[in-house]
Amino acid sequence: MNKPTNINDYTSVVEADKAHIWHHLSQHKKFETVDPLMIIEGKGLRVWNQAGREHLDAVSGGVWTVNVGYGRETIADAVRDQLVKMNFFGGTTGSIPGATFAEMLIDKMPGMSRVYYSNSGSEANEKAYKFVRQIAHQKYGGKKHKILYRERDYHGTTITALSSGGQDERRDLYGPYTPGFIPVPHCLEYRSQWGDVDDYGIRAASAIEEVILREGADTVGGLILEPVTAGGGVIVPPQGYWDRVQEICKKYDVLLIIDEVVCGMGRTGTWFGYQQYGVKPDIVTMAKGVASGYAAISCTVTTEEVFNEFKSNADEPLNYFRDISTFGGCTAGPAAAIENMRILEDENLLENTTKMGEYMLEQLEVLKGKHQLIGDVRGKGLFLGAELVTDRDTKEPVPESVAQAVVADCMKENAVIIGATNRSLKGFNNTLCFSPALIASKSDIDEIIHAVDGALTRVVGA
Ligand code: PMP
């Protein structure tokens with residue numbers, strides 16, 4: 001890939017950034033000695049920083065978002081054309097790209113029916129919670145209002161989304177939390193809470209039933225789960241887990257909400273992560289890959305049954321969904337999403353994701369054979385993790401500084417950007433994560449693996 005010709009001197013912009021920007025997830029003390037990284041241009045999987053250095057981005061825009069890669073002119077053109085024609089009309093109105101994308105989306109989601117637009121993953125999940133709460137009020141006198149969430153899962157940054165979040169690092173310090181959100185145990189077999197059981201998947205799912213019975217089934221209205229847990233450790237659900245979860249939801253009349261904010265739009269090799277496991281959700285939320293970061297858009301998608309709870313009772317004219325999202329009416333999102341989906345289809349990127357994901361998992365296994373520091377590797381499609389431990393027998397997680405040192409080394413020595421998971425359950429922020437754009441080739445993956453291999457050697461040797 002050629003370096004862009006118009007990399008200029010960005011000194012004054014970097015100074016402006018240092019003077020005025022409050023960076024996400026950043027302790028700003030470090031910027032007294034180091035400049036913040038600014039990404040100036042991108043093409044495919046490559047990005048260029050303010051100094052003109054080329055990087056291979058193995059995390060799709062840092063946060064698993066740019067599924068179709070950088071520099072997609074057809075998406076930019078589609079957004080431009082739409083904005084010139086009609087950029088925004090909010091409130092109760094519809095739009096051509098909104099309706100067109102909804103139809104395309106529902107076509108990929110058999111069993112689902114209605115699309116509610118908003119702007120971020122957090123917001124999409126909040127809408128899902130409001131669906132559950134309103135149904136609880138309309139059908140159950142407010143009783144069936146509790147929503148279960150799982151340890152190590154993440155559902156967003158607003159106070160209520162954090163109240164349903166199982167990652168301490170993001171959640172601590174922001175209480176008191178919204179009441180009515182109840183945790184259930186995580187399903188990471190590598191760190192089984194029940195010792196060495198044969199049917200870990202069934203055991204972990206049955207723990208959800210135990211929580212429902214403890215809380216009272218007549219008080220629990222919803223369960224939210226990531227299909228493959230992202231920031232909490234790249235957790236691929238164990239065998240048997242999803243079937244049992246669905247049985248439990250059916251038995252106790254609990255609405256199943258699937259958070260596809262990371263897995264949606266091909267990340268795991270199917271359109272949606274839940275489709276890997278034959279799940280039939282009631283509500284699905286999505287954001288990041290929907291428009292690959294070319295515009296802000298999120299969707300909360302429901303079955304017709306859920307939708308009907310908000311329209312069928314003609315005697316109750318006030319049972320409509322009393323919710324609005326100003327920029328849920330912006331047409332840039334669906335215009336970008338239409339083109340994003342076309343690219344995923346036209347370039348067979350789901351197939352590529354499955355193939356390249358298998359290849360990358362094999363390569364991570366090879367690294368595991370070579371480096372004692374890797375305790376476990378796992379993943380689905382182009383969404384993979386390598387959990388680092390100080391001792392394979394005790395599975396003691398490496399200190400945070402070790403995972404961070406590996407990430408920093410990949411960047412410094414090979415200009416490869418990888419990620420590490422967030423702290424969950426006091427200390428498990430020890431999983432390296434990889435989620436390159438779905439256009440990744442074998443040679444891109446080899447480059448990532450080479451960087452990680454070198455980093456693990458150097459960090460252990462250090
Ligand atoms: N759900 C999941 C699984 C996520 O990973 C995230 C963001 N990382 C969110 C929800 C929240 O999305 P947003 O940051 O767009 O609000």
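All of the numbers you see were taken from the coordinates with simple rules; none came from a lab. All figures in this text were calculated on a predicted structure; none of them were measured in a lab. We place every Cβ from the backbone using ideal geometry, glycine too, and count neighbours over all the protein chains shown.
Against the definition (of a type in the set (A, V, I, L, M), under 30 Å from Asp444 (Cα atoms) and in contact (Cβ under 8 Å) with a residue 40 or more places away in the chain), how does Leu25 come out, yes or no?
On the way: of a type in the set (A, V, I, L, M): yes; under 30 Å from Asp444 (Cα atoms): yes; in contact (Cβ under 8 Å) with a residue 40 or more places away in the chain: no.
The answer is no for Leu25.
Test Val262 against the stated conditions and say whether it is within 11 Å of the ligand (Cβ to nearest atom), closer than 20 Å to Val377 by Cα and in contact (Cβ under 8 Å) with a residue 24 or more places away in the chain. Break it down stepwise before answering.
Numbers: within 11 Å of the ligand (Cβ to nearest atom): yes; closer than 20 Å to Val377 by Cα: yes; in contact (Cβ under 8 Å) with a residue 24 or more places away in the chain: yes.
For Val262, the condition - within 11 Å of the ligand (Cβ to nearest atom), closer than 20 Å to Val377 by Cα and in contact (Cβ under 8 Å) with a residue 24 or more places away in the chain - is met.
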Select, from Val245, Val211, the only residue that is surrounded by 21 or more Cβ atoms within 10 Å (Cβ to Cβ), more than 16 Å from the ligand (Cβ to nearest atom), touching a residue at least 12 places away in the same chain (Cβ under 8 Å) and not in a loop (DSSP other than H, G, I, E, B). Val245
Suppose we keep only residues that are of a type outside the set (Val, Ile, Thr), more than 9 Å from the ligand (Cβ to nearest atom) and more than 20 Å from Ser26 (Cβ to Cβ) within the range 154-170. Which one would you say is surrounded by the fewest Cβ atoms within 10 Å (Cβ to Cβ)? Ser163
Can you work out which of the residues in the range 217-242 that are out of contact with any Lys or Arg (no Cβ under 7 Å at 6 or more places or on another chain) and within 16 Å of the ligand (Cβ to nearest atom) is nearest to Thr268 (Cα to Cα)? Pro227
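Any idea which residue in the range 169-205 is farthest from Pro397 (Cα to Cα), counting only those that are of a type in the set (Val, Ile, Thr) and part of a loop (DSSP other than H, G, I, E, B)? Walk me through how you get there before you give the answer.
Within the range 169-205, the subset of a type in the set (Val, Ile, Thr) is 178, 182, 184, 197, 202.
Add one more test, that the residue is part of a loop (DSSP other than H, G, I, E, B), and what stays is 178, 197.
Values: Thr178: 31, Val197: 22 Å.
Looking at the filtered set, the residue picked out is Thr178.
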Selection from the range 99-131 of residues that are within 20 Å of Ala295 (Cβ to Cβ) and part of a loop (DSSP other than H, G, I, E, B): Lys108, Asn119, Ser120
Give all pairs with beta carbons closer than 7 Å in which a residue from the range 41-52 that is over 16 Å from Met411 (Cα atoms) meets a residue that is in a strand (DSSP E or B) and of a type in the set (Ser, Thr, Tyr); count only pairs at least 6 apart in sequence or on separate chains. Gly42/Tyr70; Lys43/Tyr70; Gly44/Tyr70
Which residues, counting only those in the range 109-153, are more than 14 Å from the ligand (Cβ to nearest atom) and without any contact (Cβ under 8 Å) to a residue 40 or more places away in the chain? Pro110, His137, Gly141, Gly142
